[in-house]
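Everything on this sheet refers to the single structure shown next.
The values are calculated or read from the model by the stated rules, or taken from the named source; none is laboratory data. Because the structure is predicted, anything quoted here is derived from the model rather than measured. Quick reminder, even Gly has a Cβ in these numbers, built from the backbone with ideal geometry, and neighbours come from all protein chains shown. Keep in mind that these areas ignore ligands, DNA and RNA; they rest on the heavy atoms of the full protein, side chains included. Shrake-Rupley method; radii C 1.70, N 1.55, O 1.52, S 1.80 Å.
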Amino acid sequence: MKQPLKIGIVVNKNCELPAWEYEMLKQIFESDYTANSVILIANNQTYAKSSFLYGAFTKFENWWFSNQYNAFEKINIKTEFDEQIHPLSETDKLNNLNIDLLYVSYWADVDLRKLLVPKQGYWKIVFGNEKYKSALPPAFWEVMNQEPVTGSSLVIQFVGSKDAITVYEGVTITIPYSVKNNLNSLAWKSSSFLPYRLKELYELGSDLFIEKYKKRISSAEKQNTVLLKAPVNSFMAWLFFKNIFSYLLYKLKAVFNNKRFSILVSNQTYKNGTTDFSHFKNLQQPANTFRADPFLITKENRKFIFFEEFLYAKNKAHISVMELLKDGTYTEPTVALEKPYHLSYPFVFKWENNLYMIPETAANKTVELYRCKQFPDQWGFVMNLMENISLIDCTLHFENGKWWLFACTQNHPLTSSNDQLLLFYSENLFTNNWIAHLQNPVATDISNCRPAGKIFSIDGKLYRPAQNNASQQYGYALKINCIEILNETEYKETEVFEVLPGVGNKLSAVHTINFTDDTIVIDGICKF
């Protein structure tokens, strides 16, 4: 029988946690994979110092932007967790607690190596990725340099080792023009890292867990040699006016930006590496709608496209279907499925001589399965595969006697829904007992997470299309990934190639791809 983990949480001397870590702490302490965990009070605390103008900039942002979901609101935990609190100075007593690992809070400042040697090391959230790793202020330079993404990671440091093991590396969209909003989003996103990986550690056991993530060692020497720090007053003034100008220019462009996603079709055979969309035909659409997420079904030698049809007047979408005719034209779309809530991504598939559909129903916090009663536009509800969960763009695949369900999620209202790919599995399609994969989320980079069409096989290898949303343009590009490992404890995929919009394909965004033997459908924003 597995023994629950005993976690030590190191907080500052005032027993304060920022709101994002407080929510994380509650989730951990209420889980079934931890028990008898403790809170340790450090002797010091860390609050970032900055220049006068940076402080003024921060006050301006706090006044200009809403304070809802402030990730750095100070929460005193002394009363709520009084029985679990121990001063870190009680060295002998703490060494007898048999703590498995220590998580060091964002505001705690202490050299733990002199006091404790936890079995599974010291765990900490590090804001920033690549050249912005540990940069100060966090999430600031990504905004000022107009970087498309901002990152953070969960790392483990062991006594006597110069290297840190990265067990979660998240890359999310940069919230443009606001450091406050960008940092809030990044912090709330990071609050999910520790619970996910602690559960995996508990299920796999220490040896398998550490061996798995040792492959991702990142030495401190490989980080940026010059740590970015808060700008001095003169540079801060220039950055402020530059940011204001960029924001006003962005708002001006938005007034004239009325580009909509539409469906494009090509009568050709799909090949990995295909990036030429010059032969694709743009299927025209009414001015009051946009069409996206096309899925192809062939029935009795006839081809049908199921897709999301969004009506601006209703501010939501339903699922429509049209037939592609042999002369290259198409029939007028009819409604295949409509609900009081938003529907999209109509994942249509065949199983045991029946047609089924799993539309995206995240707005209803369900994963709904439908069976076709009369093709193509009459569908009957079968069951909820999952409830009380918002999963986005559910993509199903049957492999090795199991159903595998991929979908993205959003762990907080202020975070992106495009940078955490979850995986579930079941031996039975018709069940609401889907098992969450131990490695969840199995992909954590916004440039390669959100599903973008059916998983397909070529020459015995599986490939997963994914959206590249590492841009201010949603649905900017596509990536095709080769699935190398797919089992109950591990998932691994490798990017094969990317489909980028550009002059050659006359697109400014490309978002979804599906195909049959001789037809390919995509959706994108056309330049023509």
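Identify, please: which residue in the stretch 116-141 is in contact with a helix residue (DSSP H, G or I) (Cβ under 6 Å, 6 or more places away or on another chain), outside any loop (DSSP other than H, G, I, E, B) and touching a residue at least 40 places away in the same chain (Cβ under 8 Å) and is, among those, farthest from Met236 (Cα to Cα)?
Ranking the qualifying residues of the stretch 116-141, first place goes to Ile125.
State whether the residues of the stretch 362-374 include one that is in contact with a Leu (Cβ under 8 Å, 6 or more places away or on another chain), at pLDDT 95 or above, open to solvent by 50 Å² or more (accessible area, probe 1.4 Å) and of a type outside the set (Gly, Ala, Ser).
yes
Among the numbered criteria (1) in contact (Cβ under 8 Å) with a residue 12 or more places away in the chain; (2) at positive phi, which single criterion is violated by Glu300?
Going through the list (1) in contact (Cβ under 8 Å) with a residue 12 or more places away in the chain; (2) at positive phi, Glu300 breaks only (1).
List the strands (runs of 3 or more DSSP E) that sit entirely inside the stretch 479-528 and contain at least 3 residues that are closer than 25 Å to Ser344 by Cα.
Passing ranges, in order: 507-515, 520-526.
Looking at Met357, Met383, which one is part of a strand (DSSP E or B) and either open to solvent by 30 Å² or more (accessible area, probe 1.4 Å) or within 18 Å of Ile522 (Cα to Cα) (or both)?
Met383
In the stretch 330-338, is there at least one residue being of a type in the set (Phe, Trp, Tyr) and surrounded by 15 or more Cβ atoms within 10 Å (Cβ to Cβ)?
For the stretch 330-338, residues of a type in the set (Phe, Trp, Tyr) and surrounded by 15 or more Cβ atoms within 10 Å (Cβ to Cβ): present.
Can you find a residue that is assigned to a helix (DSSP H, G or I), open to solvent by 20 Å² or more (accessible area, probe 1.4 Å) and aliphatic (A, V, I, L, M) anywhere in the stretch 183-192?
Checked the stretch 183-192: at least one residue is assigned to a helix (DSSP H, G or I), open to solvent by 20 Å² or more (accessible area, probe 1.4 Å) and aliphatic (A, V, I, L, M).
Yes or no, residue by residue, for (1) open to solvent by 10 Å² or more (accessible area, probe 1.4 Å); (2) modelled with pLDDT of 95 or more; (3) more than 22 Å from Tyr69 (Cβ to Cβ); (4) in contact with a helix residue (DSSP H, G or I) (Cβ under 8 Å, 6 or more places away or on another chain):
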position: Leu405; (1), (2), (3), (4): no, yes, yes, no
position: Cys408; (1), (2), (3), (4): no, yes, no, no
position: Asn411; (1), (2), (3), (4): yes, no, no, yes
position: Tyr425; (1), (2), (3), (4): yes, yes, yes, no
position: Gln439; (1), (2), (3), (4): no, yes, yes, yes
position: Ser447; (1), (2), (3), (4): yes, yes, yes, no
position: Ala452; (1), (2), (3), (4): no, yes, yes, no
position: Phe456; (1), (2), (3), (4): yes, yes, yes, no
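Going by the structure shown, is Thr275 open to solvent by 10 Å² or more (accessible area, probe 1.4 Å), over 17 Å from Ser262 (Cβ atoms) and outside any strand (DSSP E or B)?
It is true that Thr275 is open to solvent by 10 Å² or more (accessible area, probe 1.4 Å), over 17 Å from Ser262 (Cβ atoms) and outside any strand (DSSP E or B).
From the list Thr298, Thr289, pick out the single residue that is open to solvent by less than 10 Å² (accessible area, probe 1.4 Å) and of a type in the set (Ser, Thr, Tyr).
Checking each option against the conditions leaves just Thr289.
Please go through (1) of a type outside the set (Asp, Glu); (2) open to solvent by 20 Å² or more (accessible area, probe 1.4 Å); (3) touching a Pro at 6+ places or on another chain (Cβ under 9 Å) for Leu325 and return the number of the only condition it doesn't satisfy.
Every condition holds for Leu325 apart from (3).
Name the single residue that is modelled with the highest pLDDT among those in the stretch 270-286 being in contact with a Phe, Trp or Tyr (Cβ under 8 Å, 6 or more places away or on another chain) and among the polar types (S, T, N, Q).
Asn282
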